Every structure is written in structure tokens, then in C-alpha cells.
Amino acid sequence: MEMVIFFLFAALAVGSALVVVLHRNPVYSTLSLVLTLISLAVLFVLLGAPFIAALQVLIYTGAIVVLFLFVVMLLNIGREEASGERGLLQKVAAGVGALALLAFVALAYWGAYGTREVGPLTEDFVSLEVLATQLFSDYLLAFELVGLLLLVAVIAATVLAARLGNTPGGGESDPALPEAGEEGI
Amino acid sequence: MVPVSWYLLLAALLFAIGTAGALTRRNGITIFLSIELMLNSVNLTLVAYSRLLDDHTGQLVVFFVLAVAAAEAAVGLALFIALYRHRRTIDLNRINLMRW
Amino acid sequence: MTNLLWLIPLLPFAGAALNAALGPRAPKALTTAVGVGAPGLSLVVALGALWQYVTAIHPGAVEQTIYAWTAGETAIDVAFLLDPLSAVMLFVVTFVGFWIHLYSVGYMSHEEGYQRYFVYLNLFMGAMLLLVLGDNLLVMFVGWEGVGLCSYLLIGFYYDQKVPPEAGRKAFIVNRIGDFAFLVGMFALFSEFGTLSYRELFAQMAANPAQLGADYALGLSLASFVALCFFVGATGKSAQIPLYVWLPDAMAGPTPVSALIHAATMVTAGVYMVVRMNVVYEAAPGVALLVAGVGAATALLAATIGVAQNDIKKVLAYSTVSQLGYMFLAAGLGAYSAAVFHLGTHAFFKALLFLGSGSVIHAMGGEQDMRKMGGLKKWMPVTAWTFVIGGLAIAGIPGFAGFFSKDEILAAAANEGHWILWAVGLATAGLTAFYMFRAIYMTFFGDFRGSEEQKHHLHESPAVMTVPLMVLAAGAVFAGYAGVSKVLAFGRDVNWIHHFLEPVVGGHGEAAAHGEAVHGTETAAHGAAEAVHHLSVGAEWALIAVAVVTAIAGILVARAFYGSGRGVEDGEDVLAGKLGGVHNVLSHKYWVDEVYAAVVIRPLAALSRGFFKWVDGFVIDGLLHTSATIAELTGDLGRFTTTGNARNYVLYFFIGIVILFFGVIL
């Protein structure tokens, strides 16, 4: 049973990940990411972390991806133009590199406790209470700092996005800046 | 019983996909999404290890990663907005003022 | 005052520095005071030191170290030595030098470079004094190079003309060749003995004679090698075959310079050096004979050339080369005190002759060609009669200085059985008398052959110039009495200079000259072996008579051709007509300069040009240009990585990470 669920959602996750990376339209990419995230949440549950799974859905899909969508809509980002054949080198390099990375990372993970045996999930492991106790005792400082970090992020975002006071799509870009140049490699 | 190492393999795969995406795409938003993908693969790894080692530390780290990812997304997107205002494009190939 | 040795070279250096600092616009009186005062003071100190030294009850050598320089285990000090040999040289240099400085005041008074002249001249004095007073070979070498430099500066004094700078350059370069050999000799000595100080060197050589005799390089023993190297150095500085060619050209400098540097002092440095190193030459009889042979050959060659010269200074220049040859002849035969004696007397009469010629040139408004002179004794009697005294001295007429010193040298040759060398010396003596009196008759006797304008200008030189002439003339007469040989003194042993120099030259001077047994037995073969060969007193007197007769004959022949204004017809020397082709060869100096130019200079110049074009231009510049081009190309290619595109940079990151993974995980 567990196997089935695992394979199903694992396949879903990989598939939607590929869509995220390969699709031309950024809106579709974003929505695919949602699918990936939810699949991963299921996998979290399988691994005995229901709270994290819930957080994943709430925060990641519910807030972050929605934010992405807002920005995509705001900037009215269209389909990516055909890139021509320049950039092939980059793609090849990326592909090869990614494969190499895959190999390395897998090996690394495998090497570190990868072959350990695990027992069945216990009530203790899954319980929220234990998690919360640890969070607010051992990691209290980190918790507070994260709060501070979020505050800083909010301020930064506000300042950055509000800089020039122009609305996108309607205002002029700064004439002192050079126009967008040609593409790179 | 699914061997936990398969979760790790899946995470590695997702990481590789995310990397390939981050290096290959021209659209800034898409690149960002790929990076989020990479982050999530790391989250999966952490939870898997938490299960393997029977320690909650992994899950707690994921908690923090989540928070940081949120902050990062907010700031990054604000940067994109600012960038778009100046250059009227999100195509990163066109953002090359430091060209020789 | 012997503790003030260091002051003697220092004073002229200080004078030079002071005059240099004062600059050309300083008042002439001040320049003169410094320029003449410095060597004057030096002379005073020198005389004081000499007096102290000579009258001391137990005269030992005086050493004074002013700076002990040690590098690791080697110690070479800046130190001065006052011993009999350096004492004689010191006297000659300071005394004659001072009078020439005084003379220069008059001679150079109209020159624009007056101040520069005295700076250089004082500098020269300082360097020459370093040379003679040094207690080790290194200090001598510093002085040696210093005088070479000053010679260059002073020969090329009239730098705005064409000839003087070229002459200066020639002198310096030819000297350099000799200097190289000198250095090699020094290196050999240093590597074998670990020291350059005379005292230590000679002590080691005496203690270990086998070391000098051991085989060293080029199939020669150490002594022969070093002796040869030093002699080559001496041929450069003292103008012997093959490196004498610079001396006649050096006459382009002001006449007092010719007197001081190229007659009395600098050119004698080579002789001094050989005499100083007599221990080495005693151990290398083959090389010593070579020295004598080259000296004799040079003497004869130069004398023959002097016969055909029309420039009064050139006659004197070749005469100097010739007389230096005599000194080397003596040194090569082991008659070191005779060599030094002749050095001293020669300094007096040659300086006198040069200064006299300067006086003539001064009166003739710069003219140096004797064919345009004549009868000058009417207008400049003091110059004329002192010049004649000088001529008599150099010809070796009895009673004058040259007679005594030349006799010693000829006697040395005869006593050792070297009859060829004796004959060459005799022939040279005859030629010397001839060309000298040819010059005297052409210049001072007969009718004036110059232009009317020149005639009006004729006058005797001022006192500041004639007084030195008279002082030197006195020297040319009386200096000879310091070394009256035993034979001439009818058996009395009054040869002061010989005895004075004995501690340094090991009693070889007169003993070798007159075939007496050598007292000390430690030094080498030839003195002792030849001691068996001695001539009777009667034979010696006969030889002296032959020499004197030859000299007088030379004078009479000159008188026959040139007396009373004869000898110059239509502005040309009658001898040219009579001797025809021979005269042509002589007046072209055997075309030696031309041969050198073709055989040595032009190939070297071509080689230099080749090197410049190919090695410097092609290889070295090529390397530079290539490396620059490589850098440029690398940059050109490398810049493609700076696309400005963030995605590329991320890719570079990524590649780096992958490589790191390789390193860490594998």
C-alpha cells in the first residue's frame, strides 16, 4: 500500500517538476509547481512528518506560489520567445552538469546512512507535541531570529517594489539606463 | 515498506531537475521556480534523514527552511518587479550591462 | 708625518670635489688656489713623510690602514704602504705633478674649461697617488682605473672638436684590454693565495716557492701566467707593443696633460706594477725575457717612427713610448732599480720637454707643426735652453740625468749576455738623440718659417710657466746623481737609489747590472746563474764610451741635416726626399692603426651590429613582443567569459561546484 502511494506521488512529483522546468508559459510552470509541492507534502506524511506536510501546503503552496502568481500576472509576463540556437552550449552544459550532479548527490546521500534500516512509525515520532517542545526549547533563538528575518524581508520587499512609484506597463523606463542589449552565450 | 533511501534518490532527482532548469531557462520567474524546486528537494532529504536517524532535528530545520524560503521569495519577487520597471523585461539574457 | 699617509691622496680628491662644487663661475683665483693648492699641500705632506722615512734609523715600511674590509674570511683593506719603491714613486708624482699644475695656470688661463681642467687634474693626482701608495693590488687597481678615467676625461678635454673625444675613447678602450688581463692576473693570485696585500702575498710566496712554480693554466706555471697577465695589463697602461697606439693620439689633450699623464706618471704605472711584482717575475724567467724583448722592440719601433713625425708633440709621444720600452727592458732583465731610476729621470726630462713644447705651442698660437717653426730661441730663450737641456738628458749625454739611468740599463743587458738587446738599446739611443735634436733644430734654430701673423705673436711664456721649466731642468741635470753606478764612480759604491730600493727588489738592481754575486739566495735562477757572467771594468767603460759616441753621433747627424734652418724646403722635410719609401712607412707609423682597424675593429663592429640587429632586435625584442602578444591574445579570448549575463555566471558557479564535488567526494 505504502509502495503504491509512494510511486504514485513520486511520479507525480517528478512529472510536474519536469513541467515546471520545461514549459514555456510561466503560469503553467507555477501551477505545476503547486502540484509538485502537494505531492511532496504527501510524501512527507509517508515519512511521518504530518505537521511539516501541513505547513508545506499552507505556506509554500498557499502563500509563496500565490505570490509568484500575483507577480506573473502583475508583470504580464508572456511566453518566452524562441531563443534561437544561441544558448545551446549553455543547455548542453547544464544538462551534462545536472546529470553529473545527480550522480554525485545520490551517491552522497546513499553514502550517509542511506542503507540503514528503520522501524515502523511510532506515536512519539509523529506527535506534534514532541516537535513543538523541541522547537521552543532547543531552537528558540532560531525561532525568534526567523521572525526577525521575516520582518526584514517584508520591509525589503516593500522598499524594493515601491522604488520608483511607477506602475509597470504604463510608465517609461529610466532613460539614463541603456536599452536591453543582445543576448549572451 | 519503502526503503527510505528511495526518498533520497527522489530528492536527488528533483534537485538535478531544478538545477538544470535554473541554468537553462531565460525567464527569470521560471528560474526562480526551479530554485524553489531545489529547496523543496532539500526539504524532502531532511525529512527523510529525520526518519532515518529517528531525530526531529531534520523536521525542525525544514521548518526554518520554509520560513526562509518565504522571505526569500518575497524579496526576490520584489527585485523582479524593480528590474522589470527598469528594463521592461524579465529575460535574463537581456540583463547584461556588465558585458565586455 | 708618516702617519698622515692617507692625507696625500685625499687632498687632491678634496681639491677636485671642492672645485667641482664651486663650479665654473667661481672666481679664477679661487679655482687656482684650490686646484694648485691641493697638490701643493699633498706635496708638502709627502715630503714630510719622505723625510721622516728616509732619515729614520731603522727604516721599515710604514703601513697605514684606513678601512679594514672583511667579507667572510677574506680581508682586503683600504691601506697605504710607504716603502722604498712607493717612496720613489711618491716623490716623482707629487713633485713633478705640482710643477705641472702650476704651469697649467699659465697655459690654460685663456681656456673656458679652466675649472673643469683642474677638477680632472686633481682627480687624476688623487687616483695616481692611490695607485702608488696602495698596500694591496686592489687599491692599486682602483687607482689604475681612476687614472684611466681621468686620462679619458682629459684627452677628450676639448670635447667640442672632433678628434679629442675619439682619442679619449681609443685610449680608454685600448687600456681596457690591458685591464682585463690585469684583472685575470689578480684573480689568479687571489684564488691561489687568498690575499691581495703585497706583504702577505710575498710572504706566502717566499715561504712556499713551489706554489709559484706549479703548473697553472695554458701550460704555464702560476708565476708565468700571472706575470704574463700583469705584463699585458702593463702594455696597455704603459703603451708597449701591441697596445701603444693610444698614446700618440692622446696628444689631442692639453699639453700639460700630456706632460703629466702621458709622460711622467700614468704611463709609468705599468713599470711600477711590474717592479712591485718582481718576486713573480723572478720566478718566471721566460716571461721576464719576453718583457725585456717587448720593451726593447717597442723602444726601437717608436724611435724609428719618431724620426718621421712633424708634430712636435707626436715626436715626444713616440719618444715616451720608446723610453718606456727601456724601462721594461730593464725590468725584464731583473734590473728593477735601474728601471725605477730611469722612470724617475725620465719623468723630469720628459715633463720638461712636454712643457717646453707647450710653451712653444702657446707662443705659436696653437701651431704644432715643426715645419712651420724655426729660430724660436730668439724670442723664447728660457724655453729654448731648458728644452735643449731636456734633449741632452734624453740623449744620454754624460753629466745629465738620462746618461746615468740609460747606462744602467744598457749595462744590465750587456752583463747578462743579451747582446741583441744591448744592440737594440744602443741603436735606439742613437735614434733618440737624432730625432730629439732634429726637433730642437727645426724648432729653435735657423730662420722662422711661419706666417707673419704668427711671428708677431711670438713671446716668451709668463713666469708661472717658465719657473716650472727651470725647476724641471734642474731635475733633468741633477736627478741622475742619485744613481751613479759603481763603475762610473770608479769603484765607489755611491749608488744611492740602488741601495734605497734594495729591500723591495732583493738586491737585483745593480748586482744584476754589473754581474756581481747576489747576496740572498732565495730568489730564482737567472740572477744567480748570470752572476757568473760579468764583464770587466774595462769592458764596461768601453761599452759606455760606445753609447756616448752613438749619442753624440746622433746629434751631429741631426745637426748636419737640420742645423741652421736647413732641412725644411718648401715646407717639407728633406729627409722625406732622401729616404723616400722608408720615410713614407715611418711617417705612416707602419700603418699599425690601419691594420688594427681592419683586423680587429671592423670585424668587431660588424659583429656588434649583427648582435644588435639579430640578438637584441630579433630574439630579445621578439621574446618581449611574443609574450606581450600572448597576453593580448589570452585577454582577447578570455574576455568572452565576461558576458555580463548572470546566467553564464551561474553556470560557472555550477561548474565550480561540480569540480569541488569531485575533489571532496572522490
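The values are calculated or read from the model by the stated rules, or taken from the named source; none is laboratory data. In this text the structure is predicted, and so the values were computed from the model without any measurement. Heads up, the Cβs are rebuilt from the backbone with ideal geometry, glycines too, and the neighbour counts pull from every protein chain shown.
Here are a few things to note about the model shown:
- Selection over the stretch A:121-158 of residues that are within 9 Å of another protein chain (Cβ to nearest Cβ), touching a residue at least 60 places away in the same chain (Cβ under 8 Å) and in contact with a helix residue (DSSP H, G or I) (Cβ under 7 Å, 6 or more places away or on another chain) gives a count of 1.
- Qualifying helices (runs of 4 or more DSSP H) (wholly inside the stretch A:102-168; at least 3 residues being modelled with pLDDT of 85 or more): A:128-137, A:140-162
- The single condition among (1) touching a Gly at 6+ places or on another chain (Cβ under 6 Å); (2) on the phi < 0 side of the Ramachandran plot that C:Ser405 does not satisfy is (1).
- Residue pairs meeting the criteria (Cβ under 6 Å; at least 6 apart or on separate chains; first closer than 16 Å to C:Phe561 by Cα, in the stretch C:441-457; second at pLDDT 80 or above and part of a loop (DSSP other than H, G, I, E, B)): C:Thr443/C:Met373; C:Gly446/C:Gly374; C:Gly446/C:Gly375; C:Asp447/C:Gly374; C:Asp447/C:Gly375
- The number of residues in the stretch C:109-133 being at pLDDT 90 or above and either out of contact with any Ser or Thr (no Cβ under 8 Å at 6 or more places or on another chain) or not in a helix (DSSP H, G or I) (or both) comes to 9.
- Restricting attention to the stretch C:650-666, the residues that are in contact with a helix residue (DSSP H, G or I) (Cβ under 9 Å, 6 or more places away or on another chain) and under 25 Å from B:Asn93 (Cα atoms) add up to 7.
- Subset of the stretch B:71-94 [touching a residue at least 12 places away in the same chain (Cβ under 8 Å) and facing chain A (nearest Cβ under 7 Å)]: B:Ala73, B:Leu77, B:Phe80, B:Ile90, B:Asn93
- Residue within the stretch B:14-27 that is hydroxyl-bearing (Ser, Thr, Tyr), surrounded by fewer than 21 Cβ atoms within 10 Å (Cβ to Cβ) and at the interface with chain A (Cβ under 7 Å from one of its Cβ atoms) present: no
- Residue match in the stretch C:429-446 (condition: under 25 Å from C:Val574 (Cβ atoms) and at pLDDT below 85): yes
- Within the stretch C:642-658, the set of residues being at the interface with another protein chain (Cβ under 7 Å from one of its Cβ atoms) and more than 14 Å from B:Ala20 (Cα to Cα) comprises C:Thr642, C:Thr643, C:Gly644, C:Asn645, C:Ala646.
- Residue match in the stretch C:143-160 (condition: under 30 Å from C:Ala473 (Cα atoms) and among the polar types (S, T, N, Q)): yes
- Members of the stretch B:38-56 found to be facing another protein chain (nearest Cβ under 8 Å) and of a type in the set (S, T, N, Q), listed by number: B:Asn40, B:Asn43, B:Thr45, B:Ser50
- Looking across C:Leu260, C:Leu301, C:Leu290, one residue alone is more than 17 Å from C:Ala317 (Cβ to Cβ), out of contact with any Pro (no Cβ under 8 Å at 6 or more places or on another chain) and not small (Gly, Ala, Ser). It is C:Leu290.
- Matching residues, the stretch C:572-587, being loosely packed, with under 14 Cβ neighbours inside 10 Å and part of a helix (DSSP H, G or I): C:Gly577, C:Lys578, C:Gly581, C:Asn584
- For C:Trp419: the one exception among (1) in contact with a strand residue (DSSP E or B) (Cβ under 8 Å, 6 or more places away or on another chain); (2) free of Cβ contacts under 8 Å to residues at least 12 places away in the same chain; (3) hydrophobic (A, V, I, L, M, F, W, C): (1)
- Restricting attention to the stretch A:98-113 and to residues that are among the small types (Gly, Ala, Ser) and more than 7 Å from chain B (Cβ to nearest Cβ), the residue that is farthest from B:Tyr49 (Cα to Cα) turns out to be A:Ala100.
- Residue list for the stretch A:57-79, filter: more than 7 Å from chain B (Cβ to nearest Cβ) and either closer than 24 Å to A:Leu135 by Cβ or not in a helix (DSSP H, G or I) (or both): A:Val57, A:Leu58, A:Thr61, A:Gly62, A:Asn76, A:Gly78, A:Arg79
- Residue pairs meeting the criteria (Cβ under 8 Å; at least 6 apart or on separate chains; first more than 16 Å from C:Gly402 (Cα to Cα), in the stretch C:539-559; second surrounded by 14 or more Cβ atoms within 10 Å (Cβ to Cβ) and of a type in the set (Ser, Thr, Tyr)): C:Ala558/C:Tyr435; C:Ala558/C:Tyr441; C:Arg559/C:Tyr441
- The C-beta contact set for the stretch C:119-139 (first residue closer than 12 Å to C:Leu81 by Cα, second residue outside any helix (DSSP H, G or I) and modelled with pLDDT of 90 or more, distance under 9 angstrom, 6+ apart or interchain) comprises C:Leu137/C:Met277.
- Failed item, numbered, when C:Gly365 is tested on (1) in contact with a strand residue (DSSP E or B) (Cβ under 6 Å, 6 or more places away or on another chain); (2) not in a helix (DSSP H, G or I): (1)
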